[in-house]
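Working notes for the structure below.
The values are calculated or read from the model by the stated rules, or taken from the named source; none is laboratory data. This is a predicted model, so every value here is computed, not measured. Note: ideal-geometry Cβ built from the backbone for every residue, glycine included; neighbour counts use all protein chains shown.
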Amino acid sequence: MTTISADSPNAAALRTILHGRRAVRSYTSTAVDRETIDELIADAVSAPSAINRQPWAFAVFQGAALLDRFGREAAGHLEQLHAILTPEARARMAEPNAIFHGASTLVVICATSNDRQAAEDCCLAAENFMLAAHALGLGTCPIGSAREWLELPETRARLGLGALVPVFPIVVGYPAAVPPAPGRNAPVVLRPDVR
């Protein structure tokens, strides 16, 4: 196994990628080409998975008009589902691009089974996908608010997901603006003296 010192160029480059990734919520109209999406998926599947089951599938939807329609449907579902939304939240849901932020590509990482570890493994693949996208100068944003809409049987059937379980929807595109780094809380680290 190759060892990398903490001050090596590789370690510095990795830290730049890890600490530089942001949830991008504003995209240009330039579409990400299919080959780049395929490269990102290849990077995603290098993630670890329990017993190497690799329990993931990737549903790719492209086109600004399509994502706009999906966003309106997802927002409508959220409004019905959460009747207690505040007036401010309702106003945000009514804005154009409220759900998918104007991106023209949506990748939904789906679990291929309901195995106990499958969803967590999909999340590991999602992190690889987002970090690889950032390294290429692309922006990404996890879209948890779309998951309830994606899980509807009628949505899954219409989108061709079949028995797949939508776990991690991500939009990807060329950032129109990159937000500043949010603050991070100090991690809670336990070092119990157990004997």
- Task: Could you tell me whether residue 11 is out of contact with any Phe, Trp or Tyr (no Cβ under 6 Å at 6 or more places or on another chain), among the hydrophobic types (A, V, I, L, M, F, W, C) and farther than 19 Å from residue 142 by Cβ?
- Result: yes
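Looking only at the stretch 7-55, which residues are of a type in the set (Ser, Thr, Tyr), under 26 Å from residue 104 (Cβ atoms) and surrounded by 14 or more Cβ atoms within 10 Å (Cβ to Cβ)?
26, 27, 28, 36
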- Kindly list the number of the only condition in (1) surrounded by fewer than 16 Cβ atoms within 10 Å (Cβ to Cβ); (2) in contact with an Asp or Glu (Cβ under 7 Å, 6 or more places away or on another chain); (3) not β-branched (Val, Ile, Thr) that fails for residue 157. (2)
- Scope the stretch 25-68; condition closer than 19 Å to residue 125 by Cβ, part of a loop (DSSP other than H, G, I, E, B) and among the charged types (D, E, K, R); matching residues: 53
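Do we have residue 122 as in contact with a Pro (Cβ under 9 Å, 6 or more places away or on another chain) and surrounded by 14 or more Cβ atoms within 10 Å (Cβ to Cβ) here?
On the way: in contact with a Pro (Cβ under 9 Å, 6 or more places away or on another chain): yes; surrounded by 14 or more Cβ atoms within 10 Å (Cβ to Cβ): yes.
Yes; evaluated as a whole, the condition is true for this residue.
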- Message: One residue is enough: does the stretch 104-121 have a residue meeting the conditions modelled with pLDDT under 95, more than 24 Å from residue 176 (Cα to Cα) and β-branched (Val, Ile, Thr)?
- Response: no
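Every residue in the stretch 167-194 that is hydrophobic (A, V, I, L, M, F, W, C), part of a loop (DSSP other than H, G, I, E, B) and under 20 Å from residue 32 (Cα atoms), please. Lay out the reasoning, then the answer.
Within the stretch 167-194, the first condition is being hydrophobic (A, V, I, L, M, F, W, C), and the residues that meet it are 167-168, 170-172, 176-178, 181, 186, 188-190, 194.
Adding the requirement that they be part of a loop (DSSP other than H, G, I, E, B) leaves 176-178, 181, 186, 188-190, 194.
Answer for the stretch 167-194, where residues must be hydrophobic (A, V, I, L, M, F, W, C), part of a loop (DSSP other than H, G, I, E, B) and under 20 Å from residue 32 (Cα atoms): 176, 177, 178.
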- Query: Which one of these does residue 175 not meet: (1) surrounded by fewer than 23 Cβ atoms within 10 Å (Cβ to Cβ); (2) closer than 24 Å to residue 51 by Cβ?
  - Reply: (2)
- Query: Of the residues in the stretch 125-150, how many are more than 21 Å from residue 33 (Cα to Cα) and either in contact with a strand residue (DSSP E or B) (Cβ under 6 Å, 6 or more places away or on another chain) or surrounded by 15 or more Cβ atoms within 10 Å (Cβ to Cβ) (or both)?
  - Reply: 6
- Query: Here are some residues: 131, 81, 85. Which one is touching a helix residue (DSSP H, G or I) at 6+ places or on another chain (Cβ under 8 Å) and modelled with pLDDT of 95 or more?
  - Reply: 131
- Query: Taking the stretch 143-166 on its own, how many of its residues are in a helix (DSSP H, G or I), in contact with a Leu (Cβ under 9 Å, 6 or more places away or on another chain) and under 17 Å from residue 126 (Cα atoms)?
  - Reply: 3
